[in-house]
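Each remark here refers to the structure printed beneath this line.
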Amino acid sequence: DLNKGSYKASTHEASYVIQPEEQLSLFEIFFLLNPGHFKMDSQQITQMQENRMLQVDYLKYQEVSKQKIPEQVKIFALDAGDDTIIDMEYRSVSLNEELRFPFRIPSGYDEIIIK
């Protein structure tokens, strides 16, 4: 919850860096915000003693229903020298649309309504 605690801001390359004024001893947290649209450029959490790191980079945004939504996301995880990289691309995004999940109860079964 970002509302708890106090944070400090600085700049790094083309991003604003938000981090707790006092990092916890267990891990360090960083949020990098894009100054152009104030959406996340990157989120980072690091456990230096355990040699672990998780970084989520928001490489590209798309506009959907007048809102900026991530289009390309890269996740980089490091655990004691083993790294995992996940690249995601959202090609079709819709917001606030009614969803329907067509389902028919098979013959021989009765519907149960929970109140």
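Using only the Cα atoms of the chain, build the gyration tensor, take square roots of its eigenvalues as a ≥ b ≥ c, and label the shape rounded, prolate or oblate: rounded if a/c is under 1.5, else prolate if a/b is larger than b/c, else oblate.
Judged from the Cα gyration tensor, the chain comes out prolate (a/c at least 1.5, a/b above b/c).
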Query raised in the report: Under unit Cβ charges (Lys, Arg +1; Asp, Glu -1), what dipole magnitude, rounded to 20 debye, does the range 8-89 have relative to its Cα centre?
Result: 400 debye
Query raised in the report: Can you list the lysines whose alpha carbon sits under 24 Å from that of Lys8, skipping same-chain ones fewer than 8 residues off?
Result: Lys39
**Report entry** Under 17 Å from Lys68, Cα to Cα: aspartates and glutamates that are on another chain or at least 8 residues apart
**Finding:** Asp41, Asp57, Glu89, Glu97
Report summary line: 1/(1 + (r/R0)^6) with r = Cβ-Cβ of Asp82 and Ser6, R0 = 41 Å, i.e. FRET efficiency to nearest 0.05, evaluates to 0.75
Query raised in the report: Which of the aspartates and glutamates could a cross-linker bridge to Lys4, judged by Cα under 14 Å and excluding same-chain residues fewer than eight apart?
Result: Glu21, Glu22
Query raised in the report: From the residues Gly36, Leu59, Ile18, which one has its Cα farthest along the dipole of the range 8-89 in the positive direction, the dipole being from +1 and -1 charges on Cβ of Lys/Arg and Asp/Glu about the Cα centre?
Result: Gly36
Query raised in the report: For the range 20-25, what does the Karplus curve 6.51 cos²θ - 1.76 cosθ + 1.60, with θ = phi - 60°, yield as ³J(HN,Hα) per residue in whole Hz, taken in order and with x for Gly and Pro?
Result: x, 4, 10, 5, 6, 6
Report task. Amide H neighbours of Asp41 under 5 Å, at least 5 residues apart or on other chains, H built in the peptide plane: list them. Result -> Leu32, Leu33, Asn34
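Below 8 Å, C-alpha to C-alpha, sequence gap of six or more: please give me the relative contact order for the chain in percent.
Numbers: 182 pairs, mean separation 14.6, N = 115.
Averaging sequence separation for qualifying contacts and normalising by length gives 13 percent for the chain.
Bear in mind that the values in this text are calculations on the coordinates, not laboratory data. Please read all numbers here as calculations on a predicted model, not as lab measurements. We place every Cβ from the backbone using ideal geometry, glycine too, and count neighbours over all the protein chains shown.
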